[in-house]
Amino acid sequence: MAVANMGTTMFGSVDNPDVYTDALEKHNAIYKLHIDGAYGGFVYPFSNKESKINFSNPKISSITIDAHKMLQAPYGTGIFVCRKGLIENVLTKEAEYVEGMDLTLCGSRSGANAVAVWMILFTYGAYGWFEKISVLQMRTQFLCDKLDKLNIDYFREPFMNLVTIHAENIPHEIVEKYDLVPQQHNEHNKWYKIVLMDHVEIDHLTTFIDDLKLAINE
Ligand SMILES: *Cc1c(COP(=O)(O)O)cnc(C)c1O
């Protein structure tokens, strides 16, 4: 079983699933390919219209998407989707006190979480969510353009709403003031990330850039 990523947590990097399946097929391996879209699953398919990281690719067996990340649902709303016939592989016979197939909302699993996700999705609607993601893409580009002007190195996966900046470019007082998220919470840290979400508005970005410019010039 191989896992390809659709948006890593620190960089938002997106794998090309063909790299995995080509290698596996070259060696005649029997395989399943899982897509980890925990972070990017509610972003990338909406921002990249050309994306083929979905079930239209017959080589993809399963996908996870976390509603408790970008969708801002309550914690514990990870979603697992797989092709027909595969879910039986995770069916346990241990929980015999639960009647029927112990696969989805049986036993004491929270149905409220499922309802919350359903409500969020239907409140936005597919187009509403697309609009929201489009705005976040524009804000991400705005930040990248400003960083380019300051000659500050960063990584940004195209179509993702995440900018990961080399730590050496960011003075300590800026890290403190803006509570930037490090890759490692120790002295070896090399990166800080900014996730462009609803509450990260252009005003905040402008203030951040102005402060950064000042701090660098000092
Ligand atoms: C958050 C995350 C996960 C899993 O996290 P849960 O919150 O436990 O579902 C897996 N992969 C990536 C890339 C993530 O960002």
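The values are calculated or read from the model by the stated rules, or taken from the named source; none is laboratory data. Predicted, not measured: the structure shown is a model, and the values here were computed from it. Here Cβ is always computed from backbone atoms with ideal geometry, including for glycine, and neighbour counts include all displayed protein chains. In case anyone asks, the SASA skips ligands and DNA or RNA and just uses the protein heavy atoms, side chains included. Shrake-Rupley method; radii C 1.70, N 1.55, O 1.52, S 1.80 Å.
The angle separating the long axis of helix 202-217 from the principal Cα axis of greatest extent in the chain is about 50 degrees.
For the range 1-152, the residue among Leu143, Pro58, Leu33 whose Cα projects farthest onto the positive side of the dipole built from Cβ charges is Leu143. For the range 117-157, the mean projected area of the C-alpha convex hull, equal to one quarter of the hull surface, is 3.5 nm². Entry note, the range 57-203: relative contact order of 15 percent, from Cα contacts under 8 Å with a spacing of 6+ residues. Each residue of the range 124-133 was assigned a 3J(HN,Hα) from its phi angle through the Karplus expression (A = 6.51, B = -1.76, C = 1.60, θ = phi - 60°), giving 6, x, 4, 6, x, 5, 4, 4, 4, 5 Hz with x at Gly and Pro.
The orientation-averaged shadow of the Cα convex hull for the range 1-148, equal to a quarter of the hull surface, comes to 11.5 nm².
Over all projection directions, the Cα-based convex hull of the range 122-218 averages an area of 6.9 nm². Among the protein heavy atoms of the chain, carbon and sulfur supply 56% of the accessible surface, probe 1.4 Å, non-protein parts ignored. Taken per residue, the accessible surface of the chain reaches 60 Å², heavy atoms only and a 1.4 Å probe. Here Lys52 is the anchor, and the lysines within straight C-alpha reach of less than 18 Å, apart from those fewer than 8 places off in the same chain, are Lys32.
In order along the range 173-185, the phi-based Karplus estimate (6.51 cos²θ - 1.76 cosθ + 1.60, θ = phi - 60°) of 3J(HN,Hα) comes to 5, 6, 4, 5, 4, 9, 6, 5, 8, x, 6, 10, 8 Hz; Gly and Pro are listed as x. In the chain, the longest principal axis of the Cα atoms and the axis of helix 17-26 are about 50 degrees apart.
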